[in-house]
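Remarks on the structure that follows.
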Amino acid sequence: MPKPLGVVTRYKTHVPHFDVAFWETKDVGGARRAWLAGTIPMVSCFGDNRVAAAHPEWVQVGPDGERGARPTRYFDWDTLCPSRPEVMALALAWAEEALEVAGALRLDDVTFARRGYCACVLCQQGAASAGVPLVVWRQRVLTQFVAAVRARAGTRPLYVTLYPDPYPGHLENERGLDLEQLAPLVDAFVVPLYDLGYSTTYWLEVIASGFRDRLGSQPWWAELYALKVPPANLVKAARVAGTYADGLLLAYGSQLSELQAVETAVKDYFG
């Protein structure tokens, strides 16, 4: 069976040339874009620089009080706490808006920031009230969110992005993602495996094979970074990741001819 190959793109002209196209209708910076017909909208749920600037009290907090925001050592964007009713309502509203027009949806940044996050007052109160540890509380919050979106999506395909760490227990304990509970709610997971050049691919195989083992028969797509990556390197990376993933995505490439050349080479390889 042919390996499906798609794109994550900001170029309208790219969309008709691939099996599937994801279109960011809301990104981590907080920017909003109108949905483009023929694409799957992609919504950043708990990453939003603009909302964090307006409501700094909504930002996730670590166990030592360090905020999950750009000025700290770890974060490329600001992370909002899903335990806050206001944040949860916003994320659901963004998802609902996308579902009003589209036949599928991808949830991006459905995650707590890293190990120990969030330990704000609301998270601690929620865990105490439920009588569970904070790590279990975080898993419950994110599972409930995905379940709520699943109910709104009905039979339409739902994709969820995973942090690229297949090590047992890491997604659950560091990111709040309980794969066992999420799998029945999701049609396919997407795992970004980004590199600026893919000059070596041994690490790519380690991570991709790890996700194949972790996810079992659950469908998942590997997403590769494609902006200014040498096409030969991208082809090699796609062949490696595609050996384990059910589908492939090329993200943010700007040159259509190069993306199509990679698409042809990869599809020829997998038959």
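Here is a list of conditions, (1) under 17 Å from the mean Cα position of the chain (by Cα); (2) within 23 Å of Gly176 (Cβ to Cβ); (3) not aliphatic (A, V, I, L, M), and Thr25 meets all of them except one; can you say which number that is? All conditions pass for Thr25, except number (2). Residues of region 162-179 that are in contact (Cβ under 8 Å) with a residue 60 or more places away in the chain and charged (D, E, K, R): Glu174, Arg175.
The selection criterion, being more than 24 Å from Phe211 (Cβ to Cβ) and surrounded by fewer than 15 Cβ atoms within 10 Å (Cβ to Cβ), does not hold for Pro168. Here region 25-67 is the region considered, the condition is being among the hydrophobic types (A, V, I, L, M, F, W, C) and in a loop (DSSP other than H, G, I, E, B), and the residue that is surrounded by the fewest Cβ atoms within 10 Å (Cβ to Cβ) is Ala34.
Pick from region 149-161 the residues that are under 16 Å from Cys45 (Cβ atoms) and free of Cβ contacts under 8 Å to residues at least 40 places away in the same chain: which of them is surrounded by the fewest Cβ atoms within 10 Å (Cβ to Cβ)? Selected residue: Ala151.
Please go through region 223-246 and pick out each residue that is buried (at least 16 other Cβ atoms within 10 Å of the Cβ) and either touching a Gly at 6+ places or on another chain (Cβ under 7 Å) or of a type in the set (Asp, Glu) (or both). Glu223, Ala226, Val229, Asn233, Asp246, listed by residue number. If the condition is being within 10 Å of Leu193 (Cα to Cα) and in contact with a helix residue (DSSP H, G or I) (Cβ under 7 Å, 6 or more places away or on another chain), then region 206-228 contributes Ala208, Ala222, Leu224. Mind checking which residues of region 106-136 are surrounded by fewer than 22 Cβ atoms within 10 Å (Cβ to Cβ), of a type outside the set (D, E, K, R), in contact (Cβ under 8 Å) with a residue 24 or more places away in the chain and within 24 Å of Val186 (Cβ to Cβ)? Result: Gly126, Val135. Scanning region 128-161 for residues that are under 24 Å from Glu100 (Cα atoms) and either modelled with pLDDT under 95 or not in a helix (DSSP H, G or I) (or both) yields Gly154, Thr155, Arg156, Pro157, Leu158, Tyr159, Val160, Thr161.
With the structure loaded, tell me whether Asp195 is surrounded by fewer than 17 Cβ atoms within 10 Å (Cβ to Cβ) and among the acidic types (Asp, Glu) or whether it fails that test. Yes; evaluated as a whole, the condition is true for this residue. If you filter region 68-105 down to residues that are at pLDDT 95 or above and of a type in the set (Asp, Glu), you find that the one that is surrounded by the fewest Cβ atoms within 10 Å (Cβ to Cβ) is Glu100.
Out of Glu97, Glu86, one residue alone is touching a His at 6+ places or on another chain (Cβ under 8 Å) and outside any strand (DSSP E or B). It is Glu86.
The values are calculated or read from the model by the stated rules, or taken from the named source; none is laboratory data. All values derive from a computational prediction rather than experimental measurement. Please note: Cβ atoms are built from the backbone with ideal geometry, for glycine as well, and neighbour counts cover all protein chains shown.
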